[in-house]
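Reading through the structure tokens given below for one structure.
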Amino acid sequence: MKRNTHALTGVAVLGLAGIALTGCGPADDGETAQVSGPALKISSNADGGHEGWINAVANSISGAIGIPVEADMYPDFASYLDDRDAEKIPGAFRAGWQGDYPGLYNFLGSLYTTGAESNDSGYSSEEFDTLVAEGISEADPDKAAELFNQAQEVLLRDLPVIPLWYQNAVGGWSENVENVEFGWDSVPLFDEITKPGGGPVTANGTEPQNPILPSRTDEVGGGRVLDTIFAGLVSYNADGSIENDVAESITQDSPTQVTIKIRDGLTFTNGEPVTSDSFIDAWNYGAIASNAQKSTYFFQDIEGFVNTEEQYGAPDEGLSGLKKIDDHTFQVTLNKPASDFAQRLGYSAYYPLPQVAFEDMDAFGENPIGNGPFKFEKEGAWEHDVQISLVKNEDYNGPSEAQSEGLIFKFYSGFEAAYNDLLANNLDVLDTLPDLAYETYEEELGDRSVNQPGALNQTLAIGEYVEHFGPDEEGTLRRQAISMAIDREAITEKIFFGTRQPATDFTSPALDGWTDELEGDEVLEYNPEKAKELWEQANEISPWE
């Protein structure tokens, strides 16, 4: 679940509480907009730096529709998440998604199909579910994208959540390093970075919140480390395309059966060979319900996975859909077609584990033994709340060979200190800029900066349990009104200085198959007159009082 966490906690934005932009609240002539009725609340966590843009969105909605709109800030992410999951948030709430793998299905099936793990609004549509199921069963990528985009047109009609903007990959690097490139997921390609003067590359990081394990790491701090010390069956190129890494071949035998052959001669950094069992045992550990891992849902499409009120995950004997053929070959039988299954296999939940890991998982997670381009420098390389030191794994044999001597993730409590270190050449790579640098970073860093699309979006969700926002005509009209009351262009320009782009769909421009020509996307355009009209239509069904 690492995919969700960066979008929800790690994004710094300008703290401009109460900001009034042209067309984003009070009338342009400076008069105060007349508002009446009960307030619509927009909830978020106060420790994530989101209050500025939430106030701008609130002002925009209030100015267009004529109701009071208020930011409702929880003291921390944990308390916000507890109320969100318990369906206690009384109005709209901040949501978003960071792609696990570069596919449209990851943004659609995971969030909006009936009963999906991250379907936080409770949306359910048979028409949408059918189109998504047809898309994931379609082997032709172009036809699959067409079906997924038809499904998005259903979402545009129903608006289970309100897309706001796409978040760009925005960062920079010091004068000490070269060949810095950011990938489809907004993460630097650490293995490609060179340091002509020698020594390890230093990058910003945060203290991992869990032992560093493929099935337990669910946040950005640990995920960055995990992705550099392990190698999966496939790896992702900068543009999101995949190439084999540990896999010699991945063959789709049928819509529900895949045969995977592993390259011979590969080892973990303790010398243990990478075999079929390395994957089968790791996947089973992540999938078994009693192990209570955080990435269990990634295995839900494999035969043997149980999804009932009593159990979510595999039984203790593991997934029946994993079958060892020999030491370097295994088969995966799916419980339903998944044409993008091979594309998913570069995500960290599918990494292998050596047998030593199963002796004591917590201890292993403190000093993990991987098979990737980097490895822990020594036992104790994880200095808690300070840094994690990695060195090049000379035995790694794959497409992501490290081009530097090592990699150090330095833990910062805030992006301001990290940015100052970057400007002083005391930090080599920074992948998130502090809010106050948005206006100046291009001048200060010049060609040592990046601002490009990333697979990350921001949305507003309103649970269907909230009064006036149910799965009916009134609820749809009110969501459409709120969407058309938000001036995305002004907010992304004046608050984010072009580091965000107004959303035209529910996915991301960084993905193959993305299009900005969906029928019904006018509901994401700023139209205060239409917003007011739709709101009044909803009031005729049930007054806002």
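Of note:
- If the condition is being in contact with a Phe, Trp or Tyr (Cβ under 6 Å, 6 or more places away or on another chain), in the same structural domain as I162 (by TED's automatic domain parsing) and either part of a loop (DSSP other than H, G, I, E, B) or without any contact (Cβ under 8 Å) to a residue 60 or more places away in the chain (or both), then segment 435-466 contributes no residue at all.
- Test: residue in segment 150-158 that is under 25 Å from V220 (Cα atoms), surrounded by fewer than 22 Cβ atoms within 10 Å (Cβ to Cβ) and out of contact with any Phe, Trp or Tyr (no Cβ under 9 Å at 6 or more places or on another chain): no
- Count of segment 314-331 residues, restricted to those that are within 17 Å of L233 (Cα to Cα) and either in contact with a Leu (Cβ under 6 Å, 6 or more places away or on another chain) or not β-branched (V, I, T) (or both), is 8.
- Elements of type strands (runs of 3 or more DSSP E) in segment 313-409, at least 1 residues being closer than 25 Å to V201 by Cβ: 374-376, 387-392
- Residue, surrounded by the most Cβ atoms within 10 Å (Cβ to Cβ), within segment 197-210, restricted to residues that are at pLDDT 95 or above and not hydroxyl-bearing (S, T, Y): V201
- Of residues in segment 103-122 being touching an Asp or Glu at 6+ places or on another chain (Cβ under 7 Å) and assigned to a loop (DSSP other than H, G, I, E, B), the one farthest from V466 (Cα to Cα): G103
- Filtered by the rule that a residue be in a strand (DSSP E or B) and of a type in the set (S, T, N, Q), segment 162-186 gives Q167, N168.
- Criterion (in contact with a strand residue (DSSP E or B) (Cβ under 7 Å, 6 or more places away or on another chain), β-branched (V, I, T) and either assigned by TED's automatic domain parsing to the domain that holds A86 or touching a residue at least 60 places away in the same chain (Cβ under 8 Å) (or both)) met by exactly one of T504, T499, T476, T515: T499
- Failed criterion for G304 (all others in (1) modelled with pLDDT under 95; (2) more than 25 Å from D245 (Cα to Cα) hold): (1)
- Test for T492: is it crowded, with 19+ Cβ neighbours inside 10 Å and assigned to a strand (DSSP E or B): no
- Checked against the criterion of being within 30 Å of N291 (Cβ to Cβ) and among the hydrophobic types (A, V, I, L, M, F, W, C), the candidates F190, F182, F148 yield just one match: F190.
- Those residues of segment 332-375 which are among the hydrophobic types (A, V, I, L, M, F, W, C) and over 29 Å from G135 (Cβ atoms), in sequence order: L353, V356, A357, F358, M361, A363, F364, I369, F374
- Residue match in segment 242-249 (condition: closer than 26 Å to L445 by Cα and assigned by TED's automatic domain parsing to the domain that holds Y351): no
The values are calculated or read from the model by the stated rules, or taken from the named source; none is laboratory data. Computed from a predicted model, the values in this text were never measured in an experiment. Here Cβ is always computed from backbone atoms with ideal geometry, including for glycine, and neighbour counts include all displayed protein chains.
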